[in-house]
1. Can you pull the one-decimal nm distance between simple spin-label points at Q69 and Q82, each 7 Å off the Cα toward Cβ?
2. Using a Förster distance of 35 angstrom, determine the FRET efficiency expected from the C-beta separation of N150 and S13, and round it to 0.05.
3. Heavy atoms only, probe 1.4 angstrom, no DNA, RNA or ligands counted: give me V108, V76 ranked by accessible area, highest first.
4. With a 1.4 Å probe and every protein chain left in place, tell me how much accessible area S50 has, in Å² to the nearest 10.
5. Between Q92 and I162, what FRET efficiency follows from the Cβ-Cβ distance if R0 is 22 Å, with the result rounded to 0.05?
6. Do you know the relative contact order of region 88-135, to the nearest whole percent, from alpha carbon pairs under 8 angstrom that are 6+ apart?
Amino acid sequence: MRPIQFAFELETSLSRQIETLHDTATTGTVPIPVLGLIKNSQTEFLKLLSALNTGESDSVRYPAVTETQLLGSDAVWQQATQNTTAANACLQELTALWSIYITIDKCVQFYQQAAVNSAQPQARLFFSSLSHVKKILRRRLDGIIQIYYNYYWGELGFAPFILGKD
């Protein structure tokens, strides 16, 4: 299996997870705008990888990867997250966000490994760029999850989970 094919299948699986959460989330319990942004990001990742997945050769011409192309602008993310609160938090949706976070983290790890194990400098740069963008996405999702942690900490009077043990 080629790394591009594996990446495409991994991102497709992540997209299905996000789609399921996005479709079942109700307004006020999960930050819908943020889920929409994550969903859009996954769509862009799949477009990029789909174009590369069709080639049979390892001598593929890799396109440039930019954060804005795959994630959208910082201003859009800031606007979507500024009013995020956990006042109507739902533990079921928090655990779904964890699942997405963990899968994004695994994507980061895969892209790092693909970069290290690629013989071509272009492939190394491409996979490193994908890893970088996924790290940013992971960090943005981590901020949303932290809002939920803080809410439950306030409700319970103690940290419900050991922080830093993710």
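1. So the label points at Q69 and Q82 sit 2.9 nm apart.
2. According to the calculation, E is roughly 0.75.
3. If we order V108, V76 from most to least accessible, we get V76, V108.
4. We get 50 Å² for S50.
5. The formula returns an efficiency of 0.55 here.
6. 37
The values are calculated or read from the model by the stated rules, or taken from the named source; none is laboratory data. Since the model is a prediction, treat every value here as computed from it, not as a measurement. With ideal geometry, Cβ positions are generated from the backbone for all residues, glycine too; neighbour counts draw on all protein chains shown. Remember, those area values only see protein heavy atoms, side chains included, never the ligands or the DNA or RNA. Shrake-Rupley method; radii C 1.70, N 1.55, O 1.52, S 1.80 Å.
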